[in-house]
């Protein structure tokens, strides 16, 4: 896990999750080396506080890592994302009291090797005017658009729509170190297997490449790995997410 490409992607994962313009004002970095900790808390109480920790240390360090994390005065919710070091990683963290939530795969794309491919379907790049209609029609019933993010030049939000219906949507956040974090990729269940997610990704990769991004990063479910591989993404490691 000392590979430079992995370290770049791991940093992008943490900063991408907590680096959007809407979230950054409520972010505090926590001192908890060798883990990486981020606290999201709005002092006005408009959002439930969350502590997120990211660990890419050898399995032998798990006891020390958790001791450091647990020494930080906790907020109401705390999550731990661990880069799998061996088949034993998950069992080790469970044995130390971490409650398993889910697993994903960290993947990256070297955009310096990017060749443009046009989408098959029409993909809309969303604007502030789309916030209300797209939130109302979101296929996951999620309020995922807000003015701070949509108006930000470092972010691109895209969707495939049929009239007022949102069939699929996604977004990318471009970071200052020429990386990007792609997230919120979702297709309505009844609209799957039509290539919409692929077209969203093609649109986002084109936007990132045009903006000078060198490395695009995302977290994939096991089911979606073949799609991202077909686009040129490379799996870097499995990750396990726990509540602590």
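No lab work stands behind these numbers, since they all come straight from the coordinates. What you see is a predicted model; the values in this text were computed from it and never measured. For neighbour counting, all protein chains shown are included, and Cβ atoms are generated from backbone atoms with ideal geometry for every residue, glycine included.
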Extension length gain for residue 136 and residue 79 (0.36 nm per residue less Cα distance), in nm, is 17.6 nm
Residue order, fewest to most surrounding Cβ atoms within 10 angstrom, among 162, 220: 162, 220
Which residue, 161, 174, 70, tops the fluctuation ranking in a GNM of the chain built on C-alpha contacts under 10 Å? 70
Identify which of the listed values of semi-axes √(5λ) of the Cα gyration tensor in Å was calculated from the structure shown: [x] 39, 21, 14; [y] 31, 21, 17; [z] 36, 22, 14. [y]
Of segment 57-79, those with amide N under 19 Å from the point 7 Å along the Cα→Cβ vector of residue 100 are 59-60, 62-63, 79
Helix 4-17 axis, angle to the chain major axis (alpha carbon atoms, nearest 10°): 80 degrees
Relative contact order for the chain using alpha-carbon pairs under 8 Å, separation at least 6, rounded to a whole percent? 25 percent
Listing 218, 66 by rising number of other beta-carbon atoms within 10 angstrom, fewest first, gives 66, 218
From the C-alpha coordinates alone, can you work out the Kirkwood hydrodynamic radius of segment 111-233, in Å? 14.6 Å
Grab the DSSP H runs of the chain that are 4 residues or longer, score each as -39,500 (n - 2.57), total them, divide by all residues and round the 222 nm result to the nearest 500 deg cm²/dmol. -7000 deg cm²/dmol
Using the number of other C-beta atoms within 10 angstrom as an exposure proxy, rank 181, 228 with the fewest first. 228, 181
Tilt of helix 196-210 relative to the longest C-alpha principal axis of the chain, in degrees (0 to 90, nearest 10)? 80 degrees
Rule-of-thumb Rg ratio for segment 1-133 [Cα; 2.2 N^0.38 Å; N residues]: 1.28
By how many nm would the segment from residue 125 to residue 143 grow when fully extended, if each residue of separation counts as 0.36 nm and the alpha-carbon distance is taken off? 4.8 nm
Could you compute the FRET efficiency for residue 177 and residue 151, with r as their C-beta to C-beta distance and R0 at 25 Å, rounded to 0.05? 0.65
For the ranges 145-153, 82-90, what's the packing order if you count other beta-carbon atoms within 10 Å of each residue, average per peptide, and put the highest first? 82-90, 145-153
Starting from 0.36 nm per residue, how many nanometres of slack lie between residue 41 and residue 222 once their C-alpha separation is accounted for? 62.1 nm
